[in-house]
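Every number here is computed from the coordinates shown, using simple stated rules; none is lab data. Small disclaimer: the values here were computed from a predicted structure and weren't measured. No Cβ is skipped: glycine too gets one built from the backbone with ideal geometry, and neighbour counts run over all protein chains shown.
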Protein chains: 4
Amino acid sequence: MCRWVAYSGQPIFLGQLVADPEHSLIHQSRNAEEAKVGINGDGFGLGWYGERDEPGLYRETLPAWSDDNLRHIARQVRSRLFFAHVRASTGTATSRANCHPFAHGRWLFMHNGQIGGWSRLRRAVEARIPDALYACRTGTTDSEAMFLMTLGQGGETDPVGAMTGTLSALRALMVDAGIDEPLRVTAALSDGSRLYAFRYASDGRPPSLYWRQTASAIEIVSEPVDRHRDEWHAVPDRSALVCCARCACEVVPLAVEEPARAEAA
Amino acid sequence: MCRWVAYSGQPIFLGQLVADPEHSLIHQSRNAEEAKVGINGDGFGLGWYGERDEPGLYRETLPAWSDDNLRHIARQVRSRLFFAHVRASTGTATSRANCHPFAHGRWLFMHNGQIGGWSRLRRAVEARIPDALYACRTGTTDSEAMFLMTLGQGGETDPVGAMTGTLSALRALMVDAGIDEPLRVTAALSDGSRLYAFRYASDGRPPSLYWRQTASAIEIVSEPVDRHRDEWHAVPDRSALVCCARCACEVVPLAVEEPARAEAA
Amino acid sequence: MCRWVAYSGQPIFLGQLVADPEHSLIHQSRNAEEAKVGINGDGFGLGWYGERDEPGLYRETLPAWSDDNLRHIARQVRSRLFFAHVRASTGTATSRANCHPFAHGRWLFMHNGQIGGWSRLRRAVEARIPDALYACRTGTTDSEAMFLMTLGQGGETDPVGAMTGTLSALRALMVDAGIDEPLRVTAALSDGSRLYAFRYASDGRPPSLYWRQTASAIEIVSEPVDRHRDEWHAVPDRSALVCCARCACEVVPLAVEEPARAEAA
Amino acid sequence: MCRWVAYSGQPIFLGQLVADPEHSLIHQSRNAEEAKVGINGDGFGLGWYGERDEPGLYRETLPAWSDDNLRHIARQVRSRLFFAHVRASTGTATSRANCHPFAHGRWLFMHNGQIGGWSRLRRAVEARIPDALYACRTGTTDSEAMFLMTLGQGGETDPVGAMTGTLSALRALMVDAGIDEPLRVTAALSDGSRLYAFRYASDGRPPSLYWRQTASAIEIVSEPVDRHRDEWHAVPDRSALVCCARCACEVVPLAVEEPARAEAA
């Protein structure tokens, strides 16, 4: 379980979400309120779009609360679309390659949640990564595998359809393997232009996810960064939020196929 | 504020205090129960005596809970006298040089607590480090300065007297500088043979400190590592615990001089 | 390309090979003389057998020359069988998981060399890792994959046969994929009792590898650590060196099968 | 000894000096040609001016050549005035606090060279840091001390005069202490508007330093980043280079006072 923020709108300093608010992402790194654990100290990451098509990444294994470089970058870098993530490992190692966000070409992805039984499923899931993307796998997380799988099944042209396909495929693999633990996902995806967020749990208990739209920006967050709770809307379970810079966000249902559970032999 | 353990006795694997017990030091790194903060994730350190006169050190900026090297060393290294420490910074940077324990020659030191108003006092405190030890200062913590000051005023021959002198001098400097914040200290010191622990607070609220003596060992800990609460004794405030490998520990009062507070001008 | 040392014999401090000699492994980390590059600064690692069946590991991303923890561990830890490795990446990231040695159960492995065309071969090689070991894959190097492949084909009972099989399989995969770059390997493997070293290159240009046997120990090294060149023997290309604590080392040919190169279409 | 680059002019991506040229600063980090050592792998740093008065800092202990975050920041961040530095330690630890550049308020500083006999001089030099700046000392390098000393003697209003004073004071301290090793300095200093570079050696052997002025920019470098050697001018020994965004750079002599050497007793 982790905590994250995604922003699209008028360029702001990353710190305006990451460091400055009362319940900023850095504050959440040791005081998360709506997660299973309050500590998200297993590394963190920033991904931001600047002047280039490809996003920049800054990922580090220190806790977000103790990294001076993070404070500097958050104060200096301004972006119209960025992701930030603080990590609480569900078992994989604390390494930069396992820190979110993940980038591929112009795409950026981050995740909070867990593929239940990951160590037993890993081989089957990695087998679904297409050849062209296999060499891009740099860590061992379920999250990065989910990203590459989604890109591999048309994520660049139909992100919502591809994520639906990924989640359906993961559920099928989990049921095949007899895994009872749930699949729980909140995730964000972007190509530097549109911004997508996803919320899903196979057991009806997805991680928290909120969004707020103002005249100048869309903010999507694991936990509201301030106390104006009335401004923040929960993203419904089994839904995607589809946003672009100059349009209203749209909530779209995620038609994930739930496989029939095989009868015990 | 930090948490620590010190051990002297039959050689054991470091992990027997650091990693294995229900409320081991690694467990305390994110679940401390008797400290102001539950998270001690700003680095950690091990110091142990093996075959050489000088102790070994392993210090790292990652949280103790996520460091694989720590797990390995704790499983492999056996020692008759060792220190382990998890750090919660009171303001100074997360760097190896600021992680405890600190070593000088055959001496090892670690600290939990705070010299109130440290950034205002630092220059005056560092001025008390003798020339011969000044080049050994590698970090910026109040703790390392306290160690070098103590060594500098006879710590190698009379540890209890020298620590009493250090605390008295610090209190005088604090009052001179008009600092109202307290001086709070629990600390451990060893030359590889005898083991000293100190508990002191200028405001009567010292950090927690416990000790247990068995047939084979002495354990001194910020928090008991197991639930046998009846075996653990609190070290009294303003006391030192003086232990050697084959004798009973002795509780000795710390006669710290409290300066008269200057009248407001 | 990397540099490494392996030791089996009377317990010595790791530093006696790693830090103390004129051309110690730490010295080689920035002054290698028989490698393509003189700098081996992309992380390092120690693996050693102590009182437990499983080896201890210490791996770090800093260069070996600047890590104080390494100096301490090398001074304090004594072992009858240990590996040490300084890394020069051939393309994969500088992360602890990509640092050698690799451990699995009681087995330890390290490698110097390269599987030519690794990014194109990675998927096919990882497919050869058996299910039971797949979850143990923590990094992205060719070296760790080679280790798990070797364990997977009987490495625990017939190390020389299994390594021969791995190298033959790799060569077949390389030729299938039309890869012209060579396969070059020097590697060490141990179960804590016997010690195996391997030297092989598909193009007749294997990395350097030497060994020396004294009354009390066997040392196997990428480069001699001292200037007594007459004491050091080169391990022949396409050979294994099989050593045990109380017997003379034996040089055994490695019967790697070289696949016929497919005709160009 | 280290290598660095400083830039002032039309905003460019940091990578245009740090990563892209044939002999970029990253290339110099393992292939320096005009320094005593070719390897500058003891950490690195970036300091850049963006939209704020204070510069941003990114400093890391990994070698510059293996840090993915550096590559990303250099590709994404554009600046009109920036410093970049790769470090070869002359004895102090590899820590972020010892990496250049150093920042204080709107000022940025970096250094290549050495105060001879630093460990013996450290106390006397640190005593020259004024009270107001003492708490800003976060590392143990001679370089950071030189920076704070210079700020402390009027560096913010008369940088050339203050640096001259610092160098004169250092020379006096060195001679007093009977230190025969030289004082060698190339350094850069900026307030985000003007850019100063200094070259000085007490023994006539200063580290290399070059500059190039074009219609749009000033570049000052330890080693030319490309092979157009005719475009680069050596900064003379005992000189400062004073540059502003819209004026020609000026070479100014540095009137460092050389103390008379005390007669041997």
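Odds and ends about this structure:
- Taking every alpha-carbon pair under 8 Å whose residues sit at least 6 apart, segment A:1-121 reaches a relative contact order of 34 percent.
- Selection from D:Met174, D:Ala187, D:Ser222, by position along the positive dipole direction of segment D:3-253 (Cβ): D:Met174
- Residue of B:Asp142, B:Asp68, B:Asp237 that the Gaussian network model of chain B assigns the largest fluctuation, springs spanning Cα pairs under 10 Å: B:Asp68
- Placing +1 on each Lys and Arg Cβ and -1 on each Asp and Glu Cβ, with no other charges, gives segment A:184-265 a dipole about its Cα centre of roughly 120 debye.
- Restriction of the trypsin sites (Lys or Arg not before Pro) in segment A:173-227 to DSSP coil positions whose beta-carbon has at most 15 other beta-carbons within 10 angstrom yields A:Arg194, A:Arg227.
- Set of segment A:47-86 residues, backbone N closer than 17 Å to the point 7 Å along the Cα-Cβ line of A:Ala245: A:48-56, A:78-83
- With a cut-off of 16 Å on the backbone N, the residues of segment C:72-86 near the modelled label site 7 Å out from C:Trp232 along Cα-Cβ are C:84-86.
- For segment C:109-122, Karplus couplings with θ = phi - 60° (6.51, -1.76, 1.60), whole Hz, Gly/Pro x: 8, 8, 8, 9, x, 6, 8, x, x, 3, 5, 7, 8, 3
- Fewest-first ordering of D:Arg205, C:Arg78, D:Arg137 by other beta carbons within 10 Å of each residue's beta carbon gives D:Arg205, C:Arg78, D:Arg137.
- Treating r as the C-beta distance of A:Ala135 and D:Ala260 and R0 as 60 Å, the FRET efficiency rounds to 0.35.
- Rg over Rh for the protein assembly as shown works out to 0.96, using Cα positions for both radii and the Kirkwood form for Rh.
- Taking θ as phi - 60° and the Karplus parameters 6.51, -1.76 and 1.60, the scalar couplings of segment B:239-255 work out to 9, 10, 10, 10, 10, 9, 4, 10, 9, 6, 5, 10, 8, 10, x, 9, 7 Hz in sequence order, x denoting glycine and proline.
- Amide hydrogen neighbours beyond the local backbone of C:Gly116, cut-off 5 Å, H modeled: C:Leu183, C:Arg184
- Computed from phi, the 3J(HN,Hα) profile of segment A:219-232 under the Karplus parametrisation 6.51, -1.76, 1.60 (θ = phi - 60°) reads 10, 10, 9, 5, 9, x, 8, 9, 9, 7, 4, 5, 7, 9 Hz, with x in place of Gly and Pro.
- Taking the convex hull of Cα positions in segment C:22-166, its mean projected area over all directions (nm²): 9.2 nm²
- Positive-end residue of A:Leu25, A:Cys244, A:Gly165, charge dipole of chain A with Cβ unit charges: A:Leu25
- Length-normalised contact order of chain A in % [C-alpha pairs under 8 Å, at least 6 apart]: 20 percent
- Once the mean of 1/r is taken over each pair of separate Cα atoms and inverted, segment B:3-253 shows a Kirkwood hydrodynamic radius of 17.8 Å.
- Inter-copy separations for B:Ala255, label at 7 Å along Cα-Cβ, nm, ascending: 6.1, 8.5, 8.6
- Taking the Cα centre of segment D:13-64 as reference, the dipole from Cβ charges on Lys and Arg (+1) and Asp and Glu (-1) amounts to some 180 debye.
- For segment D:124-175, the mean projected area of the C-alpha convex hull, equal to one quarter of the hull surface, is 3.3 nm².
- Computed over segment D:143-229, relative contact order equals 16 percent, with contacts defined as Cα pairs under 8 Å that lie 6+ residues apart.
- Computed about its Cα centre, the charge dipole of chain B is approximately 300 debye, with only Lys, Arg, Asp and Glu carrying charge at their Cβ.
- If R0 is 22 Å, the Cβ-Cβ spacing of C:Glu33 and D:Glu33 corresponds to a FRET efficiency of close to 0.60.
- Measuring max minus min along each principal axis, the C-alpha atoms of segment D:73-149 give extents of 42, 28, 17 Å (largest first).
- GNM flexibility winner over chain A from A:Pro207, A:Pro253, A:Pro55 (Cα, springs under 10 Å): A:Pro253
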